[in-house]
Amino acid sequence: MAKIRSGEDLNRLAAMYRQATEKAAKRILVCAGTGCVANGSLLVHAALKKAIEKTGVAVDLDYLLEHDVPNNATQLDKSGCRGFCQMGPLVLIEPHNFMYVHVRPEDAEEIIQESIIGDRCVERLTYMSSSGDKHYDREEDIPFYKKQHRQTLSNCGHMNPEDIREYIARDGYKGLARALTEYGPDQVVEEVLASGLRGLGGAGFPTGRKWQAVRQAAGDTKYVVCNGDEGDPGAFMDRSIMEGDPHKVLEGMIIAGYAVGAAEGYIYVRAEYPLAVERLTKAIQEAEEYGLLGDNILGTGFSFRLHINQGAGAFVCGESSALVASIEGKRGMPVPRPPRLAQKGLFGCPTLLNNVETFANVSFIMREGAQAFANLGTPTSHGTKAFALTGNVKNTGLIEVPMGTTLREVIFDIGGGIKDDREFKAVQIGGPSGACLTKEHLDLPLDFDSLKRAGAMMGSGGLVVMDERTCMVEVARFFMDFTQRESCGKCIPCREGTSRMLEILERIVGGEGTEEDLGLLEEIAHMVHDMSLCGLGQTAANPVLSTLKHFRDEYLAHVRDKRCPAGVCRALRRFEIDASKCRGCGRCARNCPVGAISGQIKQPFTIDPERCIRCGACIKQCAFHAIREVN
């Protein structure tokens, strides 16, 4: 393939590739994101290919570009993540937009016969409402998708992420062409400023201001770095973008390099994301082959190169200075600021650092204009935000909504409400650095400023929904355990403070906490927040402080009454035998691992609370439901 040497070359190829993709009357897209691959989507793809070839021809883009297409040809491709991960493997049939869920290899022949040959929907494979009274044939009708606005994720699930030609056919690299041929570097910075794009990896700092600082920094050598580390438990937004639309990330980084005066960039990806690394590597190779990376891009004289650096999974390397140290081959530990990365970053040079989702928005801004981006969202938080919706909610997965969408809309409209129709209790937003929000916050708009006023933060976009069975003290302990293990240990407030907080929380859930512990826990939390060196320590106490604020009664129940209202904390579980129901069979006593149950046959048995280890084996063994847990 000859290199693309101008914007005209790019437009010509885009038209040619679009025309080729429209040749086949039918197209099947099999989700090949990490979640669906883990559930067997590659086996589904292989079975569909075999089934197509029994009655027709399975074609790809190479075939479509080089041949006249017979009537019985079906284009079969793998796609990136479609977002509805719990329903995978997912299969989309175009042009009907039939969406099939939980597809198995043995479903392949029926799909081909009914949907490809017969143009009919296989209803049993479609998504069914939680009430079981309605099937949704098409993707756009499924409630999970209906309130979303998939802008950053627009290509994910709708194209083959391993083929640059499909990206070009969908206006890929058009934003880069406009930036290089219609704008000067300062004008690109101004356009990003005008768009109102804010950093989508955490604090929401205005992206244009960061680019401006690097642009104005002194120095002949500058770098662009993409943070794809994404260490929050339950978060997979950046991973899905890198897997499903890698060229969009590359395009944003190249534009940034042009804007700030950098000729080299690094994508920092955790090694636990092998599929993302594989697809980014292939995307870089393709972009170089097409002349969109490397020397003299689009004949403009601008040159830019990209490298991938794999991290070892240290959460602290999500912090900017620790990430830079890791790329340099040093131990990932934060350093005091100033100077900031914009003045002295990678290899001592001015460095621009944004996360994956932020860079993925840049191509849209440069292609469609700053105002098109600013039209979405709120007056102070423009655009959209991707969230990983997990926990006790009916519909889990990757979603994208306009800034300002409320928690209620996300949890109850998109998420379908709480599993088993239980009571909503709280949602943890922002991962270990975030905070818990409660029922009173359900109508809170999800934007940077509203969340900050509520004592929370957007973070990278993790949303963990909890119902009434969740112990909020245990939630705080879980996140503190994670943060304490991930602390680099460089500064004393974080190293020692998180350890002491974890010790207190473990005492409380272990039934040994006191009311004095609550005051001490709060005092240490504020100290860690105020005195830690980097963002990890400064936000480590957020889950503790937010649960103490909103669920103090649960803490008091643990320390005063020695009980866990949610019945989660094992050390605080209590079991008793209802004498009126006990038949004296002795089965519970025979199965108790510590001999805590005694009695005579045909007489009610009793449990010794001092010896009981609260394992619950007795409840499982009792055929008469005579044993119950007392909260």
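Tabulated data
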quantity: Some residue of segment 191-206 being more than 23 Å from Leu463 (Cα to Cα), buried (at least 24 other Cβ atoms within 10 Å of the Cβ), touching a Lys or Arg at 6+ places or on another chain (Cβ under 7 Å) and of a type in the set (Ser, Thr, Tyr); calculated: no
quantity: Single residue of Met253, Met242 found to be under 19 Å from Leu10 (Cβ atoms), outside any loop (DSSP other than H, G, I, E, B) and at pLDDT 95 or above; calculated: Met253
quantity: Among the residues listed as Lys210, Lys222, the single one being assigned by TED's automatic domain parsing to the domain that holds Asn361 and under 22 Å from Thr300 (Cα atoms); calculated: Lys222
quantity: Wholly enclosed strands (runs of 3 or more DSSP E) of segment 2-120 bearing at least 2 residues polar (S, T, N, Q); calculated: 73-79
quantity: Any pair with Cβ under 9 angstrom, 6 or more apart, that starts in segment 551-571 at a residue that is exposed (fewer than 14 other Cβ atoms within 10 Å of the Cβ) and ends at one that is at pLDDT below 90 and not in a loop (DSSP other than H, G, I, E, B); calculated: Asp561/Leu572
quantity: When residues of segment 455-486 are limited to those that are in a loop (DSSP other than H, G, I, E, B) and modelled with pLDDT of 90 or more, the one nearest to Glu629 (Cα to Cα); calculated: Arg469
quantity: Positions within segment 103-121 being within 22 Å of Val37 (Cβ to Cβ) and either touching a Ser or Thr at 6+ places or on another chain (Cβ under 9 Å) or not assigned by TED's automatic domain parsing to the domain that holds Glu53 (or both), in sequence order; calculated: Val103, Ile112
quantity: Residue tally, condition in contact with an Asp or Glu (Cβ under 6 Å, 6 or more places away or on another chain) and outside any loop (DSSP other than H, G, I, E, B), over segment 317-335; calculated: 2
quantity: Matching residues in segment 609-624 - criterion: being assigned to a helix (DSSP H, G or I) and β-branched (Val, Ile, Thr); calculated: Ile619
quantity: Any chance Asp245 is in contact with a strand residue (DSSP E or B) (Cβ under 8 Å, 6 or more places away or on another chain), among the charged types (D, E, K, R), crowded, with 19+ Cβ neighbours inside 10 Å and not assigned by TED's automatic domain parsing to the domain that holds Ile411; calculated: no
quantity: Matching residues, segment 451-464, being on the phi < 0 side of the Ramachandran plot and touching a residue at least 40 places away in the same chain (Cβ under 8 Å); calculated: Ala456, Met457, Met458, Ser460, Gly462, Leu463, Val464
quantity: Residue in segment 24-35 that is surrounded by 20 or more Cβ atoms within 10 Å (Cβ to Cβ), more than 30 Å from His102 (Cα to Cα) and in contact with a helix residue (DSSP H, G or I) (Cβ under 7 Å, 6 or more places away or on another chain) present; calculated: no
quantity: Pair list, Cβ under 7 Å, 6 or more apart: segment 217-241 residue surrounded by fewer than 22 Cβ atoms within 10 Å (Cβ to Cβ), other residue in a loop (DSSP other than H, G, I, E, B) and not aliphatic (A, V, I, L, M); calculated: Ala217/Gln343; Ala217/Pro350; Gly219/Cys349; Gly219/Pro350; Thr221/Cys349
quantity: Criterion (of a type in the set (Gly, Ala, Ser), surrounded by fewer than 23 Cβ atoms within 10 Å (Cβ to Cβ) and within 22 Å of Leu200 (Cα to Cα)) met by exactly one of Gly404, Gly417, Gly434, Gly397; calculated: Gly404
quantity: Residues (of a type in the set (S, T, N, Q) and surrounded by fewer than 24 Cβ atoms within 10 Å (Cβ to Cβ)) located in segment 70-111; calculated: Asn71, Asn72, Gln86, Asn97
quantity: Top-ranked residue of segment 441-454 - restricted to ones that are touching a Ser or Thr at 6+ places or on another chain (Cβ under 7 Å) and assigned to a helix (DSSP H, G or I), ranked as nearest to Gly391 (Cα to Cα); calculated: Phe448
quantity: Selection count, segment 37-76, where residues are aliphatic (A, V, I, L, M), touching a Pro at 6+ places or on another chain (Cβ under 8 Å) and farther than 23 Å from Val101 by Cα; calculated: 1
quantity: Of all residues making up segment 600-623, the number that are farther than 13 Å from Ala589 by Cβ and surrounded by 13 or more Cβ atoms within 10 Å (Cβ to Cβ); calculated: 5
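Yes/no matrix, rows are residues, columns are (1) within 19 Å of the chain's Cα centre (by Cα); (2) of a type in the set (Ser, Thr, Tyr); (3) farther than 27 Å from Gln538 by Cα; (4) at pLDDT below 95:
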position	(1), (2), (3), (4)
Asn354	yes, no, no, no
Thr358	yes, yes, no, no
Phe373	no, no, yes, no
His382	no, no, no, no
Gly397	yes, no, yes, yes
Met403	yes, no, no, no
Glu409	yes, no, yes, no
Ile429	yes, no, no, yes
Gly434	yes, no, no, yes
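The values are calculated or read from the model by the stated rules, or taken from the named source; none is laboratory data. Source: prediction; values computed, not measured. So basically every Cβ, Gly included, is an ideal-geometry build from the backbone, and we count neighbours across all protein chains shown.
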